[in-house]
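A.B. asks: Quick one: the structure is below, and I'll ask about it shortly.
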Amino acid sequence: MKFVDKLAEKMVPAATLIANNKYLLSLRDGFMMAFPATMFASIMIIIQNLPTTFGFATFLPEAFNTFLNEFFGPVGNATMSISALFIVFGIGYQLAGHYKQPQIFAGAISLSCFIMLLPFGSDETMGTFIPLSKLGAEGMFVGILTAIVATEIYSRISRTGFTIKMPESVPPMIAESFVAIIPGAAPLFLFNIIRYLFTFTTWGNAVDFVYQMLQQPLMGLGGTLPAVLIAVFFTQLFWWFGIHGTLVVNAVIDPIMGALAIENFEAYKNGAEQLPHIINTTFMGVFVNQGMQLGISITMAFFIARSIRMKKTMKTIIAPAIFNVSEPMTFGLPVVLNPVAFIPWILAPLASTTISYFAIYFGLVPRPIGATVVWTTPILLSGWLGTGSITGALLQIVTVVVMTLIWVPFLVAMDREYLKEERQQVKQEKENQLMDGKITIEEQ
């Protein structure tokens, strides 16, 4: 336990620092701004591709397939493909909240600064336009940086009081708009200078520069199996200490995983035969430890456990585990600071991640399509939604079986200890009753 105490002494402050960092919190909450739209897009694109997924598209009238493509196809362009716009506004909005400054104006200024950096094109038919790719995956990182810098400048100037004050007779919303003029003008002017300076470079604009020099290398690194295993390890480790590891780690990796997911979604939407990435947000939400609690709770509750405590605990875990709610097991078994649970808690998700990666790598399962799958979606359904294929659900069954087999020896050891304690307690109660004269030796 001395080792655990020393590890906790080092890890807990670091995790707390990450979890309370205003920039990472703003990133996490800002990404959620796009969630309703991207979730809707995911469902619509899956419906659009149902005939192809199940192999009966050739048996349907061509007019019906055309209808599906024309009716559902544009949904992705208006949602997932422009997710960077939602995220930029969301980060600006959330970060301004940490500074207790007007959030709507901060979000709007951040969005305007981002759009100012985008490359504009033009042709005789469409006039001036922005390439759709810059509003999605390619603009993700420059959007994040822009939102943070623009909101920092806006909030700091606003806090100094260097603003235009209007008389009290002016309606509040109008007065607040004037207050935001000077704090908003500063970042807008700065990003206009940045835009102009990039026109003299070989990249031509800031978006391509950040994408090529920063985003692509990070996506290449973050999309590898070793990087994901490290992320999963720390997620589980933080949870073992009682810290919400998912929130801590996702705050760091979400920008990378989100960009990878959007690129896959765009390729899937356009009918690509092979999607570019195995790992993305969808992979992390569907194949890391999905179904782990459900598998071990059913196995122990109905087939293996002998102690009353283990059976009751596992039965209470089953219902929330169907929807991937892990807290009843984490704090009820408990997993937190439980030395017996440490190895399977870490090892099982690592094994699931590795098996899933290679199953997809060797083509046994399609690559995750980048769809937004709600984390409470039960297994089988989430595997199908995440890959657009029934084999995604079958892969989840395999990983649940593997994770359960990893857990069983350790849970059996815990169950034996519980059973030993229960028998000792029953024996002690009978001895107490004998001493009190409530039962005779023959009855004992």
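The values are calculated or read from the model by the stated rules, or taken from the named source; none is laboratory data. Predicted, not measured: the structure shown is a model, and the values here were computed from it. All Cβ positions, glycine included, derive from the backbone under ideal geometry; neighbour counts span all protein chains shown. Keep in mind that these areas ignore ligands, DNA and RNA; they rest on the heavy atoms of the full protein, side chains included. Shrake-Rupley method; radii C 1.70, N 1.55, O 1.52, S 1.80 Å.
A.B. asks: Go through the residues of region 137-158 one by one and say whether even a single one is farther than 26 Å from Phe265 by Cα and of a type in the set (Asp, Glu).
C.D. replies: Yes, that holds for at least one residue.
A.B. asks: Please go through (1) in contact with a Phe, Trp or Tyr (Cβ under 9 Å, 6 or more places away or on another chain); (2) at pLDDT 75 or above for Phe40 and return the number of the only condition it doesn't satisfy.
C.D. replies: (1)
A.B. asks: Give just the number: which of (1) under 23 Å from Ile256 (Cβ atoms); (2) assigned to a helix (DSSP H, G or I) does Met300 not satisfy?
C.D. replies: Here Met300 clears every test but (1).
A.B. asks: Give me a count of the residues in region 202-212 that are surrounded by fewer than 15 Cβ atoms within 10 Å (Cβ to Cβ) and closer than 17 Å to Ser133 by Cβ.
C.D. replies: Here the count works out to 2.
A.B. asks: Return the residue satisfying two criteria in turn: it lies in region 69-82 and is of a type in the set (A, V, I, L, M) and in contact with a Phe, Trp or Tyr (Cβ under 8 Å, 6 or more places away or on another chain), and of such residues it is surrounded by the fewest Cβ atoms within 10 Å (Cβ to Cβ).
C.D. replies: Selected residue: Val75.
A.B. asks: Checking Thr66 against (1) open to solvent by 20 Å² or more (accessible area, probe 1.4 Å); (2) hydroxyl-bearing (Ser, Thr, Tyr); (3) within 30 Å of His244 (Cα to Cα): exactly one of these is not met. Which one?
C.D. replies: Among (1) open to solvent by 20 Å² or more (accessible area, probe 1.4 Å); (2) hydroxyl-bearing (Ser, Thr, Tyr); (3) within 30 Å of His244 (Cα to Cα), the lone unmet condition for Thr66 is (3).
A.B. asks: Another question about this same structure. Do you know which residues across region 274-333 are at pLDDT 95 or above and among the acidic types (Asp, Glu)?
C.D. replies: none
A.B. asks: Now for a separate question. Could you tell me whether Leu132 is aliphatic (A, V, I, L, M) and buried (at least 19 other Cβ atoms within 10 Å of the Cβ)?
C.D. replies: Answer is no for this residue.
A.B. asks: I've got another one for you. Here is a check on your reading of the model: is Arg367 closer than 30 Å to Leu275 by Cβ, open to solvent by 10 Å² or more (accessible area, probe 1.4 Å) and of a type in the set (Lys, Arg)?
C.D. replies: yes
A.B. asks: Which residues, counting only those in region 260-291, are open to solvent by less than 30 Å² (accessible area, probe 1.4 Å) and touching a Pro at 6+ places or on another chain (Cβ under 7 Å)?
C.D. replies: Filtering region 260-291 down to residues open to solvent by less than 30 Å² (accessible area, probe 1.4 Å) leaves 260-262, 264-265, 267, 275, 278-280, 282-283, 286-288, 290-291.
Scanning region 260-291 gives Asn264, Ala267, Asn280, Thr282, Phe283, Val286, Val288.
A.B. asks: Is it true that some residue in region 84-93 is over 18 Å from Ala259 (Cβ atoms), open to solvent by 10 Å² or more (accessible area, probe 1.4 Å) and in a helix (DSSP H, G or I)?
C.D. replies: Checking region 84-93: at least one residue is over 18 Å from Ala259 (Cβ atoms), open to solvent by 10 Å² or more (accessible area, probe 1.4 Å) and in a helix (DSSP H, G or I).
A.B. asks: Follow-up. Please give the number of the condition Gly55 fails out of (1) surrounded by 13 or more Cβ atoms within 10 Å (Cβ to Cβ); (2) closer than 14 Å to Gly388 by Cα.
C.D. replies: Against the list (1) surrounded by 13 or more Cβ atoms within 10 Å (Cβ to Cβ); (2) closer than 14 Å to Gly388 by Cα, Gly55 comes up short only on (1).
A.B. asks: On the basis of being over 28 Å from Ile262 (Cα atoms) and touching a Phe, Trp or Tyr at 6+ places or on another chain (Cβ under 8 Å), does Leu333 make the cut?
C.D. replies: no
A.B. asks: Can I ask one more? Can you give me the number of residues within region 302-348 that are open to solvent by less than 50 Å² (accessible area, probe 1.4 Å), over 22 Å from the mean Cα position of the chain (by Cα) and more than 18 Å from Gly242 (Cβ to Cβ)?
C.D. replies: Total meeting the criteria: 5.
A.B. asks: In addition: Pairs please, first residue from region 98-122 and closer than 16 Å to Asp208 by Cα, second anywhere and part of a helix (DSSP H, G or I) and basic (Lys, Arg), Cβ atoms under 6 Å, 6+ apart in sequence or on different chains.
C.D. replies: If the second residue must be part of a helix (DSSP H, G or I) and basic (Lys, Arg), the pairs left are Met116/Arg195; Leu117/Arg195; Leu118/Lys134.
One line per residue, one yes/no per condition, for (1) of a type in the set (S, T, N, Q); (2) open to solvent by less than 50 Å² (accessible area, probe 1.4 Å); (3) more than 25 Å from Pro217 (Cα to Cα):
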| residue | (1), (2), (3) |
| --- | --- |
| Ala106 | no, yes, yes |
| Phe114 | no, yes, no |
| Gly121 | no, yes, yes |
| Thr128 | yes, no, yes |
| Ile157 | no, yes, yes |
| Phe162 | no, no, yes |
| Pro167 | no, no, yes |
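A.B. asks: Which of the residues spanning region 228-287 are under 21 Å from Pro217 (Cα atoms), aliphatic (A, V, I, L, M) and part of a loop (DSSP other than H, G, I, E, B)?
C.D. replies: Within region 228-287, Leu275, Ile278, Ile279 qualify.
A.B. asks: Now for a separate question. For a quick check of your reading of the model, give me the residue pairs whose first member lies in region 149-172 and is within 12 Å of Pro187 (Cα to Cα), whose second is part of a loop (DSSP other than H, G, I, E, B) and among the basic types (Lys, Arg), with beta-carbon atoms closer than 9 Å and at least 6 apart or on different chains.
C.D. replies: The qualifying pairs are Ser155/Lys100.
A.B. asks: Quick one: Ala185 ticks every box in (1) at pLDDT 90 or above; (2) touching a Phe, Trp or Tyr at 6+ places or on another chain (Cβ under 9 Å); (3) surrounded by fewer than 17 Cβ atoms within 10 Å (Cβ to Cβ) bar one, so which box is it?
C.D. replies: So Ala185 meets the others, but not (2).
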